[in-house]
Structures are given as structure tokens and as C-alpha cells.
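J.: Here it is, the structure in full.
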Amino acid sequence: MVFLAGILMELSGCRSQSGKGSGSKPKTGWLSRIFGRKRDRSESTSYKSKDIEKVIQAARSYRGTPHRDGGVSRLGIDCSALIMLSFKEAGLSVPRTARQQSELGRMIDKSDLRPGDLVFFADRKIGSGITHVGLVTEITGKGEVKFIHTSSRLGVTENLLSTSYFTKTYAKAVRPF
């Protein structure tokens, strides 16, 4: 029972005051322990072209995997897990949710997109905030942006950013590293 209460306090972000004056280091949040230290946005991290290719190759290896809310495997996967696992296979760590992923790196203009960037969508019918994420895989000779993501009907697939649904729901893009 005490164990369960401890887990619930950790997940809810509650902080115990019992550490005051004990000389102990401040506790880090559970997300920091899972995903590593929080990066200073001014900190420079190289995201090399070989890393980008690994991430894209990993994401494409999931093509055809069915969509499953909360899924994190080849049996079923959601959009943010696709991103998280693809970066992980390239040796890079990103958070689990699309909202958290949207806070990585620096925001970039849609016209400056390049492979490896993350694109985010907000479907106003579902609610406010980020609801979907995809990974830019290529810029075609015509300047069209292709990205990979999970579709509720098709599973992991690649689409053009210029399709009407994605044009209407596009929220922002970030260069994660």
C-alpha cells in the first residue's frame, strides 16, 4: 500500500517536504529520470546527417504497423511512440508524448523544413493543444514535404504535408536537436 502511494505521488508530481535541511540533493522529476536531464534550449547538440538517416530508416521500418492508442511495439503503435522509438534506435532520446516532443529543440518555419524535423498537428475538433506528430522524411524535387506518422486507418504511413487535412490541422514544426 505504501509502495502504491509512493508511485501515485511520483506520477502526480507531488514533492515531499521531508528533505529540507537534510543536505540531500533536490529530487529530479520522474520524466527527467526516464528521459535524461532536461536540455537547456541554448545548448548545442549535433544532430548529424547520419543520425537523421538512422531515425528516418527506423521510422520507415515501422510502415504498415497498425495504429494503437498507447501502443509502443510493432503489434500496434501511436504517433509519439513511433517518434520516440525511431530516435531511440538512432541512439537519441526524446520524450514519450507528442506534447512533450513539441517542446524539444527550436521551432522552425514551415518553409524551412528538412528531413529529421518534427511536425505537429492540433485537431480543434478533438480539443486544444498538440494531438499528433510526424517526422519529416524528405523534401521532394517540387519542394513538397513528406512525413511519416501513424494513421488511425492505415497504421504507419507517409503522407504529403500539403494534403488538405494536414494543412488545416498543422500547428508547428521543431528541429529537435
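J.: Does at least one position in segment 75-83 carry a residue that is touching a His at 6+ places or on another chain (Cβ under 8 Å), at negative phi and at pLDDT below 95?
T.: No, there is no match, as no residue in segment 75-83 is touching a His at 6+ places or on another chain (Cβ under 8 Å), at negative phi and at pLDDT below 95.
J.: Pull out all pairs, ordered by first then second residue, where Cβ-Cβ is under 6 Å, the residues are six or more apart or on different chains, the first lies in segment 143-157 and is within 14 Å of H132 (Cβ to Cβ), and the second is aromatic (F, W, Y) and assigned to a loop (DSSP other than H, G, I, E, B).
T.: V156/Y62
J.: Output the strands (runs of 3 or more DSSP E) that fall wholly within segment 90-177 and possess 2 or more residues being in contact with a Cys (Cβ under 7 Å, 6 or more places away or on another chain), or say none.
T.: Output list reads 132-139, 145-151.
J.: Output the number of residues of segment 57-89 satisfying the condition of being over 11 Å from the mean Cα position of the chain (by Cα), part of a loop (DSSP other than H, G, I, E, B) and among the acidic types (D, E).
T.: So the answer is 1.
The values are calculated or read from the model by the stated rules, or taken from the named source; none is laboratory data. Bear in mind the structure is a predicted one, so any value in this text is a computation, not a measurement. Counting neighbours? That spans all protein chains shown, and the Cβs are built from the backbone with ideal geometry, glycine included.
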